[in-house]
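A quick write-up on the structure given underneath.
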Amino acid sequence: MVTTSTTRPVRQPDLQEIRDHHAYLIRFADQPSVRPFVSALLTLPHGSAFAGVLIAVPDLCDEIERLHETLTALRLDHHNLIAAARATLAADHDGEPDPLYYVRDELSAQRGEAP
């Protein structure tokens, strides 16, 4: 990615590290010497919110992975369409009889249709 004044590099979270930290916290909170402190934390005004966030971490990691895979596929489709458009323009410039073939072929491929 080329960084410009309007784009910033996006920091990708290390999901495995987050999962590892989450597992550590769960194991730590389950130790007999720590349980009284965890119980006391949960009785605080926002203690249940803390527990809710801790419980949500694995699902949030799964959702981030799913969205990353979706975004990767969409980017590939986008780049393939740009390449097809460029090929169409070059074919038209070269006087090919059916320059739109490249765009139609890519759109068919993205819909899963046979050529």
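Pairing each residue of the stretch 3-16 that is surrounded by 10 or more Cβ atoms within 10 Å (Cβ to Cβ) with any residue that is modelled with pLDDT of 70 or more, provided the two are 6+ apart or on different chains, yields C-beta distances under 8 Å for 13/64; 15/61; 15/64; 15/65.
Considered as a group, the residues in the stretch 26-41 that are part of a helix (DSSP H, G or I) and surrounded by 12 or more Cβ atoms within 10 Å (Cβ to Cβ) include one that is nearest to the chain's Cα centre (by Cα), and that residue is 26.
This table checks each residue for (1) part of a helix (DSSP H, G or I); (2) acidic (Asp, Glu); (3) within 20 Å of the chain's Cα centre (by Cα).
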residue: 57; (1), (2), (3): yes, no, yes
residue: 80; (1), (2), (3): yes, no, yes
residue: 99; (1), (2), (3): no, no, no
residue: 104; (1), (2), (3): yes, no, no
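The values are calculated or read from the model by the stated rules, or taken from the named source; none is laboratory data. Just so we're clear, the structure is a prediction, and the values are computed from it rather than from any experiment. Cβ sites come from the backbone with ideal geometry, for glycine too, and all protein chains shown count toward neighbours.
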